[in-house]
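I have placed the structure first, in the form of structure tokens, so that the comments after it can refer back to it.
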Amino acid sequence: MTATAGAVLLFPGAGSNRNHGSLVAIEREVAPVPVVRADFPYRKAGRSSPDRPPVLLQSVVDEASSLVAGKRIRANRLVLGGRSMGGRICSMAVADGLPAAGLVLICYPLHPPGKPEQLRVEHLPKLTMPCLFVSGTRDQFGSPAEL
């Protein structure tokens, strides 16, 4: 990742914040590549329920634009991702045209818990950059076999 990444932007899952241990660990491991761990607007406002997808998607676009400008890197050198919902929203933003060098998707929510027929993958075929999916063996949002 560090060969092409100018910076990394990471978002947490729906029930967490930017200080989630997995995001902190990624930041530590990719050093000295700059990393921004960002919160979604609902977390910044102190709410626990996620905003609607358009708000979340705009947040990813805004944070990515700010990071690219602040670090003075090309947008296609930014690696995006996160845990669960954070990774999913980043992948959706990239599928919608946000430039990225790659995606890091930790515990991607392949489907709602207990509803494997409701796949959340319609946008994935639009992704043309490297994608790293990392998931545990007990993830209720998608088993290793399903992934």
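The values are calculated or read from the model by the stated rules, or taken from the named source; none is laboratory data. Keep in mind the model is a prediction, meaning the values are calculated, not measured. So basically every Cβ, Gly included, is an ideal-geometry build from the backbone, and we count neighbours across all protein chains shown.
Inside segment 112-131, can you point out the residues that are surrounded by 13 or more Cβ atoms within 10 Å (Cβ to Cβ) and among the aliphatic types (A, V, I, L, M)?
Step one: list which residues in segment 112-131 are surrounded by 13 or more Cβ atoms within 10 Å (Cβ to Cβ), which gives 112, 116, 119-120, 123-124, 127, 129-131.
Across segment 112-131, the qualifying residues are Leu119, Leu124, Leu127, Met129.
Looking only at segment 8-37, how many residues end up being free of Cβ contacts under 8 Å to residues at least 60 places away in the same chain and more than 19 Å from Ala64 (Cβ to Cβ)?
If we filter segment 8-37 for residues that are free of Cβ contacts under 8 Å to residues at least 60 places away in the same chain, which is where we start, we get 15, 17-19, 21, 24-25, 27-37.
Filter again for more than 19 Å from Ala64 (Cβ to Cβ), leaving 15, 19, 21, 24-25, 28-29, 31-32.
Result for segment 8-37: 9.
Could you please let me know if Phe40 is closer than 15 Å to Phe11 by Cα, touching a residue at least 24 places away in the same chain (Cβ under 8 Å), aromatic (Phe, Trp, Tyr) and in contact with a Phe, Trp or Tyr (Cβ under 6 Å, 6 or more places away or on another chain)?
Values: closer than 15 Å to Phe11 by Cα: yes; touching a residue at least 24 places away in the same chain (Cβ under 8 Å): yes; aromatic (Phe, Trp, Tyr): yes; in contact with a Phe, Trp or Tyr (Cβ under 6 Å, 6 or more places away or on another chain): no.
No.
If you go through segment 71-84 one residue at a time, do you hit one that is at pLDDT 95 or above, touching a Lys or Arg at 6+ places or on another chain (Cβ under 9 Å) and farther than 18 Å from Cys131 by Cβ?
no
Please verify whether segment 37-57 includes one or more residues that are of a type in the set (Asp, Glu) and more than 15 Å from the chain's Cα centre (by Cα). Step through it out loud before you land on a result.
Of segment 37-57, the ones of a type in the set (Asp, Glu) are 39, 51.
Right, trim to more than 15 Å from the chain's Cα centre (by Cα) and you get 51.
So far as segment 37-57 goes, yes, one or more of its residues are of a type in the set (Asp, Glu) and more than 15 Å from the chain's Cα centre (by Cα).
Please work out which one of (1) in contact with a Cys (Cβ under 8 Å, 6 or more places away or on another chain); (2) within 21 Å of Thr4 (Cβ to Cβ) is the condition Asp139 fails and give its number.
(2)
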